[in-house]
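Notes to accompany the following structure.
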Amino acid sequence: MGKGCETLTEYILINYRWVFVCLFLLPISFLHDLWFYLRNWVVFKLTSAPKQHDSKVKYVQKQIREWASSGKGTQMCTARPSWQTVCFRRAKYKSTMTKIELDLVDILEIDVEKKVVRVEPMVTMGQLTATLNPLGWTIPVLPEIDELTVGGLVMGTGIESTSHKYGLFQHICESFELVLSDGSLIVCSREHNPDLFCAVPWSYGTLGILTAVEIKLIPAKKYVKLTYQAINGAEHIANHFTKASKDLNNEFVEALGYSEDEAVIMTGTMTNEVENDKFNAIGKWYKPWFFVHVKGMLKESSPVTEYIPLRDYYHRHTRSIFWELQDIIPFGNNPVFRLLLGWMMPLKISLLKLTQTPATKKLYENNHVLQDILVPIETMKNSIKFVTKTVNVFPIWLCPFILPNNPGFVHPKSGGEQLYIDIGLYGVPKVGGFKPKEDIRKIEKYVTEVNGFQMLYADTYMTKEEFRRMFDHDLYDKLRKNCVHAFPDIYDKVSRSARD
């Protein structure tokens with residue numbers, strides 16, 4: 001009877017998960033966000049966050065020193081539960097390590113003279129836009145999903161449609177504050193401790209515990225003037241996209257591909273002026289999901305221009321989690337659903353992870369792709385052709401970024417600054433006989449061959465030797481000598497065997 005009930009529950013959660021999501025997870029997501037933003041407003045307005053920060057950092061130092069004095073029995077990691085991260089997998093290694101507790105969720109200081117904002121690592125992109133935009137400021141690279149945290153974007157990576165001008169999220173950071181394996185506190189920047197500053201991005205918390213980040217500020221305007229252009233033909237898509245990415249008059253560049261031969265390229269600039277008949281507040285709860293709105297541009301024979309509120313633009317993919325939500329709530333873009341329940345969106349990714357059963361996890365693993373590959377832009381046409389043949393997932397996200405030749409984990413193999421493209425693969429593969437491990441291995445091999453990289457939040461099936469060929473470990477290995485006993489090697493945190 002117990003087994004039958006369990007099977008029935010799993011059947012409902014797999015085939016009718018939308019019932020559970022709509023009745024429980026949506027209201028909880030809404031109430032959580034309401035509480036969190038009210039809490040942050042109170043902390044930022046009515047308390048002295050920097051003084052609280054100092055005491056919180058001292059608590060981190062205390063825990064690490066206690067770990068050292070106890071005999072260093074196990075390596076350390078943060079105590080943040082795996083379900084709270086955006087990464088689909090849960091970290092198995094956390095169950096065997098000493099967990100360091102953190103409560104680092106505050107915006108500490110906005111310095112308009114220095115044009116920097118200082119934040120704790122668990123500050124989210126949603127917090128930053130809600131705080132900075134009304135003050136007339138923003139950060140140059142602001143990844144679009146609300147729940148993404150500064151710490152995740154530093155220790156992993158982050159990209160946005162401004163990255164063709166500014167690079168990855170790490171390239172707009174001015175300094176990192178870390179607690180090292182001996183409990184000491186250090187601040188690193190391009191001028192002070194530059195090796196550590198270059199090695200921290202992509203290191204996944206294996207060189208120290210991140211406690212604060214200083215990020216560059218730029219002036220913000222009220223709207224984004226966004227132009228959509230439908231392009232047909234793989235060669236034309238690659239040529240138009242490359243040209244748009246190299247034009248630095250475009251502040252924003254991205255594309256959504258709906259097939260190998262159909263894409264909409266979007267270019268934009270910030271502005272304070274609006275043509276009223278072209279205004280579109282895409283962030284309103286009753287508006288169509290952004291990727292559906294963009295797909296409608298395929299039928300337009302000439303470019304279409306709209307004016308979008310800046311914060312709406314930044315979080316344009318949040319409500320539908322790019323296009324992932326259509327597989328969870330199939331009718332989520334229906335006008336009736338949007339009107340009645342859309343105000344509770346976005347659904348929190350962390351709650352989706354928390355409520356997964358073993359059966360839904362297995363179903364997801366065997367019938368789903370979640371990968372971002374970073375390849376030189378010259379390979380764009382062939383790369384799209386390859387991933388179409390291998391997994392055939394559409395839509396795909398296309399985002400250009402400039403990659404400087406800085407030392408560290410990720411830099412161009414050819415030397416010098418180089419333009420790359422992020423190809424985001426999110427969804428259900430349409431290729432016949434999809435095999436998760438075998439097909440992702442094919443993608444990993446291809447990416448290595450074209451001197452590209454794979455984002456580390458996704459499944460990594462590479463061997464350790466293959467992983468070290470893809471990423472430059474020279475600087476990392478040099479700095480790891482002092483903390484190899486304290487933190488695991490990065491491969492042991494991101495490989496598929498380390499994740500449940």
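The values are calculated or read from the model by the stated rules, or taken from the named source; none is laboratory data. Predicted, not measured: the structure shown is a model, and the values here were computed from it. Note that each Cβ is placed from the backbone with ideal geometry, even for glycine, and that neighbours are counted across all protein chains shown. Please note that ligands, DNA and RNA were not included when accessible areas were found on the heavy atoms of the full protein model with its side chains. Shrake-Rupley method; radii C 1.70, N 1.55, O 1.52, S 1.80 Å.
Overview of values
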item: Qualifying residue in segment 339-348 (condition: open to solvent by 30 Å² or more (accessible area, probe 1.4 Å), of a type outside the set (Lys, Arg), farther than 28 Å from Leu226 by Cα and within 21 Å of the chain's Cα centre (by Cα)); result: no
item: Flag for Cys77 being modelled with pLDDT under 95, closer than 30 Å to Gln418 by Cβ and not hydroxyl-bearing (Ser, Thr, Tyr); result: no
item: Residues satisfying the stated conditions in segment 248-262, i.e. open to solvent by less than 60 Å² (accessible area, probe 1.4 Å) and either more than 17 Å from Lys385 (Cβ to Cβ) or within 22 Å of the chain's Cα centre (by Cα) (or both); result: Asn250, Glu251, Phe252, Val253, Glu254, Ala255, Leu256, Gly257, Tyr258
item: Qualifying residue in segment 159-177 (condition: open to solvent by less than 10 Å² (accessible area, probe 1.4 Å), under 20 Å from Ile282 (Cβ atoms), assigned to a strand (DSSP E or B) and touching a residue at least 12 places away in the same chain (Cβ under 8 Å)); result: no
item: Subset of segment 326-363 (residues that are assigned to a helix (DSSP H, G or I), closer than 21 Å to Pro395 by Cα and β-branched (Val, Ile, Thr)); result: Ile349
item: Subset of segment 421-430 (residues that are in a strand (DSSP E or B) and either in contact with a strand residue (DSSP E or B) (Cβ under 6 Å, 6 or more places away or on another chain) or of a type in the set (Val, Ile, Thr) (or both)); result: Ile421, Asp422, Ile423, Gly424, Leu425, Tyr426
item: Residue identified as in contact (Cβ under 8 Å) with a residue 12 or more places away in the chain, among the aromatic types (Phe, Trp, Tyr) and surrounded by fewer than 17 Cβ atoms within 10 Å (Cβ to Cβ) among Phe409, Phe331; result: Phe331
item: In segment 185-239, the residues that are in contact (Cβ under 8 Å) with a residue 60 or more places away in the chain, touching a Phe, Trp or Tyr at 6+ places or on another chain (Cβ under 7 Å) and open to solvent by 60 Å² or more (accessible area, probe 1.4 Å); result: Pro219, Lys225
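Table: residues versus (1) acidic (Asp, Glu); (2) assigned to a strand (DSSP E or B); (3) under 24 Å from Ala263 (Cα atoms).
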{"site": "Ile373", "(1), (2), (3)": "no, yes, yes"}
{"site": "Thr379", "(1), (2), (3)": "no, no, yes"}
{"site": "Pro407", "(1), (2), (3)": "no, no, no"}
{"site": "Leu419", "(1), (2), (3)": "no, yes, yes"}
{"site": "Asn451", "(1), (2), (3)": "no, no, no"}
